[in-house]
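Written out below as C-alpha cells is the structure these notes cover.
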Amino acid sequence: MIHFGREVTGHLETVLRREWLVTNGIGGYAMGAVGGARTRRYHSLLTASLQPPTRRTVMVGSLDAWVEINGRRSPLVTHEWAAGVVLPDGYRHLESFTLDGAIPTFTWSLGDVQLVQRIWMAHGQNTTYITYTYTRGSSNIRLLLKPLCTYRDHHKVTKGGFRVDINPVTSPWVEGRALAVQVYPERAHGPAQPFRILANQGKFEPGPEWWWSFHLAREEDSGLDDQEDLFAAGTLVADVKPGATLAMAFTAAATDPVPWKEAYEGEQQRQIRLVGRADATDAPDWIRQLVLAADQFIVTRDIEGETGTSILAGYPWFSDWGRDAMIALPGLTLVTGRYEDGARILRTFARYVDHGMLPNRFPDAGDAPEYNTVDAALWYFQAAYAYYQACGQSHPLIRELYPALLDILNWYQKGTRFSIHQDPEDGLLYAGEGGTQLTWMDVKIDDWVVTPRVGKPVEINALWYNALRITAELASALGNDADAARFTQDADRVYASFNDRFWYSGGYLYDVVDSPDGDDPTLRPNQIFAVSLPFPLLESEHARAVVSICAGELVTSYGLRSLPPDENDYVGHYGGDRVQRDVSYHQGTAWSWLLGPFVSAHYRAYGDARAAFSYLEPLADHLRDHGLGTISEIFDADPSHAPRGCVAQAWSVGEVLRAWHALRPMLQPDSPGHPNGCA
C-alpha cells in the first residue's frame with residue numbers, strides 16, 4: 001500500500017508530478033494527477049478501447065466536484081487554465097492519498113466532514129467507477145458533480161464547438177431510482193459511439209456547455225499543443241448523509257454496469273487473487289505492488305474475430321510492441337503465475353510471424369502491424385524458453401511453438417527484410433541498411449537515424465547465439481536430433497566468432513562490429529546481454545570486466561545510462577521539444593528495464609545475491625513518485641535522475657520482477673515458490 005498525507009498533498013507541484021493509473025484489461029484506462037488538475041492530454045476518467053486494445057477514445061476528461069456544507073461550497077477539484085491561473089484549488093482539501101492495492105483512494109477533509117473518494121475500472125469493460133463515501137461528520141452535505149467530457153483519439157486534444165446531444169434516460173443500475181445520460185458528440189463524419197453517465201442517487205440536470213482553454217502543463221513541457229476544451233454534460237446534485245456513498249459510473253458499454261458495491265468488492269478480490277497467484281505474500285511490499293502493476297499491461301487483442309492476448313508497452317501512449325512484449329513476458333506472466341496468459345501471448349505473436357520477423361508494433365488505430373525490428377523475433381526465443389523452463393519440456397505449447405522458432409531461424413540465416421542475415425564468413429548476425437533503425441535504440445527524426453547501429457550489434461548477436469542454443473535444446477527435448485546437432489554446431493561457431501570479434505582493447509565489448517564506419521567502441525549497456533542471457537558468451541574474467549565497467553559508468557539508482565557521461569554526445573537531461581527529447585533518448589537517458597539484465601549479469605559474475613538485489617532496491621522509493629505503484633520508462637541520466645517518459649512501462653516492471661524472482665531462492669531460501677500452474 002502506498003500512502004502519503006499533507007506533506008505531499010499540500011503542495012501543488014508534488015501532487016501534480018504524481019499520477020495514478022487504473023486499467024480495464026482491454027486497453028482502456030483512466031489516469032490523472034493526484035492533485036486533480038489535468039496536466040496531460042491522456043488524463044481522463046474514461047478512455048475507452050473501442051477495438052481492444054486499440055482505438056482508445058477519451059470520453060470523460062474530468063469531474064468538476066464541489067461539496068456544500070451548511071450552505072458553503074468548497075472544491076474537491078483543481079483546474080489549471082491557459083490564462084495562467086489555478087482555480088479552483090481543491091487540492092488544499094486533500095488530506096491524504098492511498099493506493100489501496102491498485103485503487104486510487106483520496107481522503108478529503110473539511111472541518112469535521114471527511115469524504116473518501118475511490119476510482120477503479122471494471123475488468124474487461126469500458127466502465128469507470130467513482131465513489132464518494134461520507135465517512136465522518138454530523139452535517140448533511142450536498143455534492144455537485146459536473147462530468148467534463150469530450151470524444152477524441154487519446155493522442156489528440158479537443159478544440160470545442162462540435163455538436164453534443166444530452167438525453168436523460170432511466171436505468172436499473174442499482175436498487176431504487178438510477179440516472180443516466182447519453183452523449184452523442186458529432187463531427188463531420190457523423191455521430192460517434194454513445195457513452196453514458198450513471199449515478200446511484202441524486203438529480204441530474206442536463207445543461208451542456210463548453211468550458212474553454214484548460215492548460216495541460218506536461219504537454220507544454222514537451223513542446224506540444226497545451227490547451228484543450230471540454231464540455232460539461234450537466235450537473236449531478238445529490239444530498240449525502242453520514243455513512244452513505246454516492247457512486248457514479250462512466251461507461252461505453254451497451255449494458256448496465258453492476259452496482260458499485262459489488263464492482264468494488266469484486267475488484268478487491270481480483271487483486272487479492274493476483275497477489276496470491278504470484279505467491280508473493282511473503283515478498284517485499286513493493287514487489288507485491290509490482291505484481292498488481294504487471295496486471296495493467298496484459299490485455300486482450302482482437303485477431304480476425306478471435307480473442308488473443310498481448311502486452312501494452314506502456315501507459316499512456318504506447319500500444320503493443322513485439323520487442324517490449326517478449327522482454328516483459330517472463331516477469332509479467334510467469335513470475336506472477338499467469339501461465340495461461342503467457343501461453344496466449346506467445347500464440348498470439350506466433351500468428352504474426354512474417355518472413356521470420358515479429359511485429360515491431362501494432363499501430364494504435366488498429367492498422368496493419370509494422371515489421372521494422374531485428375530483435376523482437378530473437379526476444380521471442382527468450383520468452384518461449386522462459387515458458388519452457390517454467391512448464392517443462394512435456395508442455396504441448398513447446399511443440400506447438402517449435403515450427404515458428406524454426407521459421408525465424410531459417411529466415412534469419414538465409415536473409416530477410418532490411419538486410420538481416422547470417423554472415424556466412426563468421427556466423428554472426430548482420431542487420432540494417434541506410435535509413436533504418438532496427439534495434440531497441442530506434443529513434444528516427446525525419447530522415448535522421450540517431451543511433452543507426454547498422455552491422456553486427458552486440459546484443460543482437462548475444463540474442464542470436466541464445467536463439468541457436470535454445471532451439472538446439474528444444475529440438476533435443478522434442479526428439480529432433482538432426483536439428484539439435486545442426487543448431488549446436490551453428491551456436492559453437494557464433495561463440496568463437498563473437499569472442500574473436502567483439503572484445504575491445506579498452507576492456508569491454510564493441511557495441512557494433514562491421515558497421516559501414518568500422519567497429520564501434522562506444523561504451524553502451526547493450527553488452528550486458530552477453531553476460532545476462534541464459535547462455536552467456538563471456539568467460540569469468542571478461543564477464544566481470546563487462547559488469548564492472550557498466551556498474552562504474554552506466555548504473556544509476558533507477559536504471560542504466562544509454563551512454564556514459566564523458567562521451568561528447570551525452571545528454572544528461574531528457575526534456576524539451578520532440579527533437580530535443582528524441583536526441584537524448586539513447587544518448588545518456590537511463591532506462592530502468594536494463595536493471596533486470598544488469599542484476600542477472602552481476603549475480604552471474606560475482607555470485608552475491610544480496611549485492612545484486614541492492615541495485616533494485618531504490619525502485620521501492622520510486623513507486624511513490626511519478627506513476628504511483630509502477631515503474632517509469634526512463635530517467636534523467638544526471639542526478640537526481642528524475643523520472644521521465646511513460647509513467648508505467650511494461651518491460652520496466654517485467655524485468656524487475658524477473659530479476660527479483662531469479663534471486664529469490666538465494667534471498668529467501670525457505671520460500672516455496674508458486675506451484676506449477678501451467679496451462
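The values are calculated or read from the model by the stated rules, or taken from the named source; none is laboratory data. Everything numeric here is computed off the predicted structure, so don't read it as measured data. Neighbour counts run over all protein chains shown; Cβ positions are idealised from the backbone, glycine included.
Note on segment 332-374: residues that are touching an Asp or Glu at 6+ places or on another chain (Cβ under 7 Å) and on the phi > 0 side of the Ramachandran plot amount to 2. Looking at A384, A404, just one residue is over 23 Å from T54 (Cβ atoms) and more than 22 Å from the chain's Cα centre (by Cα), and that residue is A404. Scanning segment 585-613 for residues that are part of a helix (DSSP H, G or I), touching a His at 6+ places or on another chain (Cβ under 9 Å) and either surrounded by fewer than 19 Cβ atoms within 10 Å (Cβ to Cβ) or free of Cβ contacts under 8 Å to residues at least 40 places away in the same chain (or both) turns up just one, A611. No other residue among R453, R486 is of a type in the set (K, R) and more than 21 Å from T439 (Cα to Cα) apart from R486. The requirement of being out of contact with any Gly (no Cβ under 6 Å at 6 or more places or on another chain) and assigned to a loop (DSSP other than H, G, I, E, B) is not satisfied by Q580.
Here A325 does not qualify as within 24 Å of W379 (Cβ to Cβ), in contact with a His (Cβ under 7 Å, 6 or more places away or on another chain) and crowded, with 17+ Cβ neighbours inside 10 Å.
Looking at segment 191-210, is at least one residue in contact with an Asp or Glu (Cβ under 7 Å, 6 or more places away or on another chain), more than 30 Å from V656 (Cβ to Cβ) and surrounded by fewer than 17 Cβ atoms within 10 Å (Cβ to Cβ)? Checking segment 191-210: at least one residue is in contact with an Asp or Glu (Cβ under 7 Å, 6 or more places away or on another chain), more than 30 Å from V656 (Cβ to Cβ) and surrounded by fewer than 17 Cβ atoms within 10 Å (Cβ to Cβ).
From the list G28, G71, pick out the single residue that is at pLDDT 95 or above and either in contact with a Lys or Arg (Cβ under 7 Å, 6 or more places away or on another chain) or small (G, A, S) (or both). Let's see the steps before the verdict.
Details: G71 fails: at pLDDT 95 or above.
Exactly one of G28, G71 is at pLDDT 95 or above and either in contact with a Lys or Arg (Cβ under 7 Å, 6 or more places away or on another chain) or small (G, A, S) (or both), namely G28.
When V15, V60 are checked against the criterion of being touching a residue at least 60 places away in the same chain (Cβ under 8 Å) and surrounded by 23 or more Cβ atoms within 10 Å (Cβ to Cβ), V60 stands alone in meeting it. Residues that are more than 20 Å from D285 (Cβ to Cβ) and aromatic (F, W, Y) were ranked within segment 574-626; the one that is nearest to the chain's Cα centre (by Cα) is W593. Among the residues in segment 373-389, are any surrounded by fewer than 18 Cβ atoms within 10 Å (Cβ to Cβ) and within 23 Å of E304 (Cβ to Cβ)? Checked against the condition, which is being surrounded by fewer than 18 Cβ atoms within 10 Å (Cβ to Cβ) and within 23 Å of E304 (Cβ to Cβ), segment 373-389 yields no hits at all. Within segment 438-463, the residues that satisfy the criterion of being part of a strand (DSSP E or B) and within 20 Å of G322 (Cα to Cα) are K444, P457.
Here T105, T128, T135, T98 are screened, and the one residue that is closer than 19 Å to Y42 by Cβ, assigned to a strand (DSSP E or B) and of a type in the set (S, T, Y) is T128.
In this entry, S310 passes the filter for residues that are small (G, A, S), within 16 Å of the chain's Cα centre (by Cα) and modelled with pLDDT of 95 or more. Does T281 satisfy the criteria of being surrounded by fewer than 24 Cβ atoms within 10 Å (Cβ to Cβ), touching a Ser or Thr at 6+ places or on another chain (Cβ under 9 Å) and either among the polar types (S, T, N, Q) or free of Cβ contacts under 8 Å to residues at least 40 places away in the same chain (or both)? Answer is no for this residue.
Per-residue answers, yes or no, for (1) assigned to a loop (DSSP other than H, G, I, E, B); (2) not assigned by TED's automatic domain parsing to the domain that holds T133:
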{"position": "F250", "(1), (2)": "no, no"}
{"position": "A254", "(1), (2)": "yes, no"}
{"position": "P257", "(1), (2)": "yes, no"}
{"position": "E262", "(1), (2)": "no, no"}
{"position": "D282", "(1), (2)": "yes, yes"}
{"position": "W286", "(1), (2)": "no, yes"}
{"position": "L290", "(1), (2)": "no, yes"}
{"position": "V299", "(1), (2)": "no, yes"}
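Please specify each residue of segment 506-530 satisfying the condition of being farther than 19 Å from V555 by Cα and assigned to a loop (DSSP other than H, G, I, E, B). Reasoning before the result, please.
The first filter runs over segment 506-530 and keeps only residues farther than 19 Å from V555 by Cα, leaving 512-520.
Residues satisfying the conditions are P516, D517.
Does segment 212-230 include one or more residues that are of a type in the set (F, W, Y), crowded, with 16+ Cβ neighbours inside 10 Å, assigned to a strand (DSSP E or B) and modelled with pLDDT under 95? Looking for residues that are of a type in the set (F, W, Y), crowded, with 16+ Cβ neighbours inside 10 Å, assigned to a strand (DSSP E or B) and modelled with pLDDT under 95, one finds none in segment 212-230, hence no. For beta carbons closer than 9 Å, sequence separation of 6+ or different chains, a first residue in segment 537-549 that is at pLDDT below 95 and a second that is crowded, with 21+ Cβ neighbours inside 10 Å, the qualifying pairs are S540/A605. Does segment 414-437 hold any residues that are in a helix (DSSP H, G or I) and buried (at least 17 other Cβ atoms within 10 Å of the Cβ), and which are they? Answer for segment 414-437, where residues must be in a helix (DSSP H, G or I) and buried (at least 17 other Cβ atoms within 10 Å of the Cβ): R417, F418. For segment 417-437, a tally of residues being more than 19 Å from F487 (Cα to Cα) and at pLDDT 95 or above returns 4.
Touching a Leu at 6+ places or on another chain (Cβ under 6 Å) and closer than 23 Å to A530 by Cα - does that describe any residue in segment 428-445? If you could, list the steps in order and put the result at the bottom.
The first filter runs over segment 428-445 and keeps only residues touching a Leu at 6+ places or on another chain (Cβ under 6 Å), leaving 431-432.
In the following step, the residues that additionally are closer than 23 Å to A530 by Cα were identified as 431-432.
Looking for residues that are touching a Leu at 6+ places or on another chain (Cβ under 6 Å) and closer than 23 Å to A530 by Cα, one finds at least one in segment 428-445, hence yes.
Among the residues of segment 76-98, the one identified as of a type in the set (D, E) and either touching a Pro at 6+ places or on another chain (Cβ under 8 Å) or farther than 21 Å from L21 by Cα (or both) is D89. Listed conditions (1) outside any helix (DSSP H, G or I); (2) out of contact with any His (no Cβ under 6 Å at 6 or more places or on another chain) are all met by S632, apart from (2). Selection over segment 152-180 of residues that are modelled with pLDDT under 75 and acidic (D, E) gives a count of 1. The numbered conditions (1) of a type outside the set (K, R); (2) surrounded by fewer than 19 Cβ atoms within 10 Å (Cβ to Cβ); (3) more than 30 Å from S139 (Cα to Cα) are all true for W66 except (3). Summed over segment 333-373, the residues that are assigned to a helix (DSSP H, G or I), under 15 Å from R301 (Cβ atoms) and of a type in the set (A, V, I, L, M) give a count of 4.
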